[in-house]
Amino acid sequence: MSFKRKDLLGIEDLSPEEIYFILDTAKSFRQILDRSIKKVPTLRGKTVANLFFEPSTRTRISFELAAKRLNADVVSFSSSTSSVVKGESLLDTVKNIMAMRVDCFILRHPTPGAPHILAKNLPISVINAGDGSHEHPTQALLDLYTIREKRGKFKDLQVVIIGDIAHSRVARSDIWALSKLGAKVRICGPPTLIPPQIEKMGVKVFYSVKEAIRGVDVVMMLRIQKERQNKCFFPSLREYREFFSLNEERLGLAKSGAMLMHPGPVNRGIELPVSLVDGKRSVILNQVTNGIAVRMAVLYLLLGRKR
Amino acid sequence: MSLLVKGGRLVDPASGTDEIMDIFIEGEKILKIGKNINLPAKKIIDATGSVVIPGLIDMHTHLRDPGREDEETIRSGTLAAARGGFTTICCMPNTSPVIDDPSLVHYILRRAEKEGVIEVLPIASITKNEEGKVLSEMGRLRRAGAVSFSDDGKWVSDAHLMRRALEYVKMLDLPLISHCEDDDLSKDGVINEGFFSTVLGLPGIPREAEEIAVFRDICLTRLARSSLHIAHISTVNSLNLVREAKKRGIKVTCEVTPHHFTLSEELVRSFDTNTKVNPPLRDKDDVRAMQEGLKDGSIEVIATDHAPHSPEEKELGYTLAPFGIIGLETALGLVIKELIKPGILTLSKAIAKLTVNPARILNLDRGRIREEGLANLAIFNLNEEWKVKKEDFLSLSKNSPFVGWTLPGKVKWTIFKGKVVYQC
């Protein structure tokens, strides 16, 4: 197996073999993170540009560290899209940065397809670090890595994703990723936050957390954005919490030893109570650590070898 | 100046003509139609092997003059239209400023007279500034030269106001043209709502946003005993509502764009913003329904909804880029490729939807070939193929999803009022 892609834009078009190849590569990088000298020379002389057009702490730092662990140079650029005015083209901005001879763009952008447009128009590698509600492939890969670390396999694993599915790029990437590897995915949320025809992606839809969670191996909670309550997606946070947040009792319906995951940042006390975030089922911090290994693997596979 | 068009296959849907005929033109008018005309002419066009039709009429064009002359001017829009075989285009009023005052109708007519190569007929707005609050002075606008009224780009969402507009326009003997979209429902949507909007994470526009508006406007047309033309229809159910209305004797007509009878939603997977259009590209069943509606006559008109946009704006990404596709230069080719060649429409039926049908709806003395009539003609080769290239567009804007396509039906000459205004 070899990895011949120029870009990583999404999970949807990856084959199971490619996914396993990335996960295996990540495994060898994962060990480096536990060493006292956490650095290898693999990408020395390469330059990676982090372009974040949406606020993000975790993903940006994770990519930055991943690149630095591989000895690449990193430049970071953050900007809120409220500054995007008529006539300002992303492609234009990015071409200017490319002219400074960078080797890879990591792009987070509120518009679905933004990284795809860059990838099509530029000769250098593009990594999608989240494009609107479309995809967030490295998040799905680190989720897979974390599940594999604990469970060893994906076949027939029952996974439930609970929350705002409609606006979640994490949900979409995870649904593709888990289904490709043989896991069974359930999704759960208020009907207003379940997008139409999502069953065609191979998931089962639930409106009741209790029913959705029964007998699952993995519970994945999504962040609920407080602004949604003003757009008539749900009446109030109080009601949302009552119907869709996780608690000990609801988690107790899952398989014993079920894993609790969250892509972060957690709204503590809204979708998850503090006790569960820090509880023994939670692998939330493992996800964060594994994220660096997975992103090192992706950077290495796209940049580290002659294509 | 006299002009003789010789040996072409004359197809005039209005009279049912379809045979080899010569046309002798003197000045602006057709003097004689017949076989083997031997009158002396200053110029002779050998149309042997070509089809000669009435100059096409587009009842739904966006020119960006006034306001966005970087995207389209009356000059460039009419040049593009002539290349597509059109000799009359009706321009929508959503310019900047909106065409809601007689002085602006005069402006367009004067400008078209001066720099246009074909005829431009302005459609004025139903409401002042297309704000949906106060009626435009439809009577004065009509007298100034407006050929119909529409708040295109927006729906008149106030039902009472729309009722009154439909009533008022009866005294002018014209239909209103409605852009049917309940924008409370389409909201911030950018593509058809369904599996693709779910997978791509792009906000969806449900079909119902169109259908609700179509149904309300049909109801109001019945109430007002008026007549209505529905712009760019795109869904199975909208079409069924129109069919049902016609059965009940309500005076409603509709149009479909070439992209809505050709393309379906999976194209948006490319994230190419040239597939971003309103109404959005729907699914394959809808596309098939549009073809059936054309075939059974429920859809009388094919209109381009030619909507030029600058590359800077189309490059803003799928959610921010403006809606719209240019269509004047590809319409005839798509009609031939998608409707005539597969046998959905005969040549004559298809051409009717681009000539005499829109002319009848707008009460225009256009869209037919007859002696003493204006010499507005398009001459094209049914089978000669051409490649759609960005750099060949005469429109100032290039936002077409058909770039790279090969289309049949190359326009060879376009004649407007006896003058050759396009020749390939």
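Those strands (runs of 3 or more DSSP E) of segment A:35-146 in which at least 2 residues are buried (at least 19 other Cβ atoms within 10 Å of the Cβ) and within 14 Å of chain B (Cβ to nearest Cβ), considering only elements entirely within it, cover A:104-109, A:125-131. For A:Thr192, the criteria (1) within 14 Å of chain B (Cβ to nearest Cβ); (2) touching a Leu at 6+ places or on another chain (Cβ under 7 Å); (3) among the hydroxyl-bearing types (Ser, Thr, Tyr) hold in every case but one, which is (2).
Within the set A:Glu249, A:Glu227, the sole residue that is charged (D, E, K, R), surrounded by fewer than 17 Cβ atoms within 10 Å (Cβ to Cβ) and closer than 21 Å to A:Lys210 by Cβ turns out to be A:Glu249. Residues in segment A:7-24 that are assigned to a loop (DSSP other than H, G, I, E, B) and in contact with a helix residue (DSSP H, G or I) (Cβ under 7 Å, 6 or more places away or on another chain) were compared, and the one that is farthest from the other protein chains (Cβ to nearest Cβ) is A:Asp7.
B:Asn94 fulfils the conditions (1) touching a residue at least 60 places away in the same chain (Cβ under 8 Å); (2) out of contact with any Leu (no Cβ under 8 Å at 6 or more places or on another chain); (3) crowded, with 23+ Cβ neighbours inside 10 Å except for a single criterion, (3).
All of B:His60, B:His106 fail the test of being touching a residue at least 40 places away in the same chain (Cβ under 8 Å) and either assigned to a loop (DSSP other than H, G, I, E, B) or closer than 29 Å to B:Lys133 by Cβ (or both), apart from B:His60.
The conditions of being of a type in the set (A, V, I, L, M), more than 14 Å from chain B (Cβ to nearest Cβ) and within 16 Å of the chain's Cα centre (by Cα) are met by A:Val159. Of the helices (runs of 4 or more DSSP H) lying entirely inside segment B:157-238, those containing at least 1 residues that are touching a residue at least 24 places away in the same chain (Cβ under 8 Å), surrounded by fewer than 21 Cβ atoms within 10 Å (Cβ to Cβ) and more than 12 Å from chain A (Cβ to nearest Cβ) are B:159-168, B:183-186, B:207-224.
Please give the number of the condition B:Ile123 fails out of (1) under 21 Å from the mean Cα position of the chain (by Cα); (2) assigned to a helix (DSSP H, G or I). Exception for B:Ile123: condition (2).
Could you look through segment B:311-364, keep only residues that are touching a Gly at 6+ places or on another chain (Cβ under 6 Å), part of a helix (DSSP H, G or I) and not small (Gly, Ala, Ser), and pick out the one that is surrounded by the fewest Cβ atoms within 10 Å (Cβ to Cβ)?
Of everything passing the filter in segment B:311-364, B:Glu312 is surrounded by the fewest Cβ atoms within 10 Å (Cβ to Cβ).
No other residue among B:Leu104, B:Leu141 is surrounded by fewer than 23 Cβ atoms within 10 Å (Cβ to Cβ) and either within 14 Å of another protein chain (Cβ to nearest Cβ) or among the hydrophobic types (A, V, I, L, M, F, W, C) (or both) apart from B:Leu104. Confirm whether A:Ala171 is among the small types (Gly, Ala, Ser), within 20 Å of B:Pro203 (Cα to Cα) and not in a helix (DSSP H, G or I). So A:Ala171 fails the test. Can you say whether A:Glu199 is outside any loop (DSSP other than H, G, I, E, B) and within 14 Å of another protein chain (Cβ to nearest Cβ), as far as the supplied structure shows? Yes. Filtering B:Glu69, B:Glu113 for residues that are in a helix (DSSP H, G or I) and of a type in the set (Asp, Glu) leaves a single hit, B:Glu113.
We did not get these values from a lab; they are worked out from the coordinates using the rules stated. Since the model is a prediction, treat every value here as computed from it, not as a measurement. Every residue, glycine as well, gets a Cβ built from its backbone with ideal geometry; the counts of neighbours run over all protein chains shown.
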